[in-house]
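Starting off with a structure, shown below.
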Amino acid sequence: MQNVNPKAARTISWIAALISILVAVSLPAVYFALSYQNQVGALEAQAEINARLASQVINTNPTTWRFQTVKFEEFLSRRPRRGYPEVRRIVDTQDKVIAESVDVLKPPLITRSASLLDSGLKVARIEVSRSLQPLLQRTGLVALFGLFLSLAVFVTLRVLPLRVLNRALEKNAHLLEESERLRQEADQKAAELARSNTELQQFAYIASHDLQEPLRMVASYVQLLARRYKGKLDADADEFINFAVEGVLRMRGLIHALSAYSRLGMEVKEFEPTNCESVLAGALRNLWVAIEESGAVVTHDPLPTVLGDGTQLGQLFQNLIGNAIKYRSTEPSRIHVSSERNGKEWLFSVRDNGIGIYPQYAERIFVIFERLHAREKYPGTGIGLTLSKKIAERHGGRIWVESQPGKGSTFYFTIPV
């Protein structure tokens, strides 16, 4: 179990203690303040009531009111229906007590007064006093309750957050362990995959390299048989020999393509600034015969300089333009190469007016040895677009196609700026 950091625990303890002290102090203080205000208001009201009664006696006997002690003591001794014991007294302007109730109160006292008027002139005052002892006793009880409440608050605020933090830390530790385990598994699988890919590339390269010599020998002898015995055997024999020659030539093309694909992953060349217009010009020179025979017209917009492998980018342009020429329609072939900057990458496009493809095959055409058309109608190994995809990905980009049957195709690929 992972414990909370001592500094965090101390901080939580201090906060809990401060809140507890605040509760313990504020609860009785607020109770006393509110009750005291209530007492003051009640005393002021009681003083006004008694002042009115006393004023009636004064107004009835304006000359002898000072000798009406009995009448004054009669209403001064009346207790309120509800409330605290009170002491009431009438004091003249010379502070002489004229009448007083007989109740005795324990100090401390709270006193409020009201004026007694005779024809609008102040002739005396009436004072009403109450003891604060009952209020102080109740405030003590409230303080005791506040103390227990503050202890409960302290325990709650001290224990619960630490519990929550401990659970959060345990969960976080578990997540970290799980994340580390998953990362290690991912690293292990990535290493295994990289090793497997390396071994597969080496196997493909070695296999294609070692197969070339015996295949060359087979091709030589089959072609020798075709030249020497053509027309000397029956028609079936000539046909069989032709099948053998075509099969050998097709196998040679596949082996060359496989060798090129495996070399693409093994040959690691540092990227350098590469002028794409020069790269495109080299690709068009390699395709000169196909362009002349098909009557294709290839145009392009100004192309940028990117960081990459010029040889591989040339192969990429050559594959895409070569496919556009191969899969042309009955109309004169028109191919246009363009580029534009799209944020942090260059977006290249190769647009043609060829036969197009159905959108559902847009991913399938990039799979190695995958073909959508019969070999007799459109010869090839089915690896050109696979190489193009690998080149684009090696440069940190991607490649895709947008097309409709009969409306041509546009191949897009990106290269980081």
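Among the residues of the range 309-332, count how many are farther than 21 Å from Ile383 by Cβ and touching a residue at least 60 places away in the same chain (Cβ under 8 Å).
1
Still on this structure, please answer the following. Considering only residues that are loosely packed, with under 13 Cβ neighbours inside 10 Å and basic (Lys, Arg), look in the range 240-294 and name the one that is modelled with the highest pLDDT.
Ranking the qualifying residues of the range 240-294, first place goes to Arg285.
Now for a different question. Name the single residue, out of those in the range 295-324 being among the small types (Gly, Ala, Ser) and surrounded by 15 or more Cβ atoms within 10 Å (Cβ to Cβ), that is nearest to Gly396 (Cα to Cα).
Within the range 295-324, the first condition is being among the small types (Gly, Ala, Ser), and the residues that meet it are 295-296, 308, 310, 314, 322, 324.
If we keep only those that are surrounded by 15 or more Cβ atoms within 10 Å (Cβ to Cβ) too, we end up with 296, 308, 310, 314, 322, 324.
Details: Ala296: 31, Gly308: 10, Gly310: 15, Gly314: 16, Gly322: 23, Ala324: 24 Å.
By that ranking, first place goes to Gly308.
For every residue, the table says whether it meets (1) small (Gly, Ala, Ser); (2) part of a strand (DSSP E or B); (3) closer than 16 Å to Val401 by Cα.
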{"residue": "Ile291", "(1), (2), (3)": "no, no, no"}
{"residue": "Thr299", "(1), (2), (3)": "no, yes, no"}
{"residue": "Pro302", "(1), (2), (3)": "no, no, no"}
{"residue": "Leu307", "(1), (2), (3)": "no, yes, no"}
{"residue": "Thr311", "(1), (2), (3)": "no, no, no"}
{"residue": "Phe317", "(1), (2), (3)": "no, no, yes"}
{"residue": "Ile321", "(1), (2), (3)": "no, no, yes"}
{"residue": "Thr330", "(1), (2), (3)": "no, no, no"}
{"residue": "Val337", "(1), (2), (3)": "no, yes, yes"}
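Going by the structure shown, is Ser129 over 31 Å from the mean Cα position of the chain (by Cα), hydroxyl-bearing (Ser, Thr, Tyr) and closer than 30 Å to Ala54 by Cα? Working first, answer last.
Working: over 31 Å from the mean Cα position of the chain (by Cα): yes; hydroxyl-bearing (Ser, Thr, Tyr): yes; closer than 30 Å to Ala54 by Cα: yes.
Criteria met by Ser129.
Anything in the range 269-296 that is under 15 Å from Gln315 (Cα atoms) and touching a Pro at 6+ places or on another chain (Cβ under 8 Å)? List them, or say none.
Result: Cys276, Glu277.
Looking at this structure, is Arg216 of a type in the set (Lys, Arg), modelled with pLDDT under 75 and buried (at least 16 other Cβ atoms within 10 Å of the Cβ)?
Spelling it out, it is not the case that Arg216 is of a type in the set (Lys, Arg), modelled with pLDDT under 75 and buried (at least 16 other Cβ atoms within 10 Å of the Cβ).
Here's a follow-up. Just checking, does the range 329-352 include any residue being buried (at least 17 other Cβ atoms within 10 Å of the Cβ) and on the phi > 0 side of the Ramachandran plot?
Checking the range 329-352: not a single residue is buried (at least 17 other Cβ atoms within 10 Å of the Cβ) and on the phi > 0 side of the Ramachandran plot.
The values are calculated or read from the model by the stated rules, or taken from the named source; none is laboratory data. As the structure is a computational prediction, the values presented were derived from the model and not from experiment. Virtual Cβ from ideal backbone geometry, glycine too; neighbours counted across all protein chains shown.
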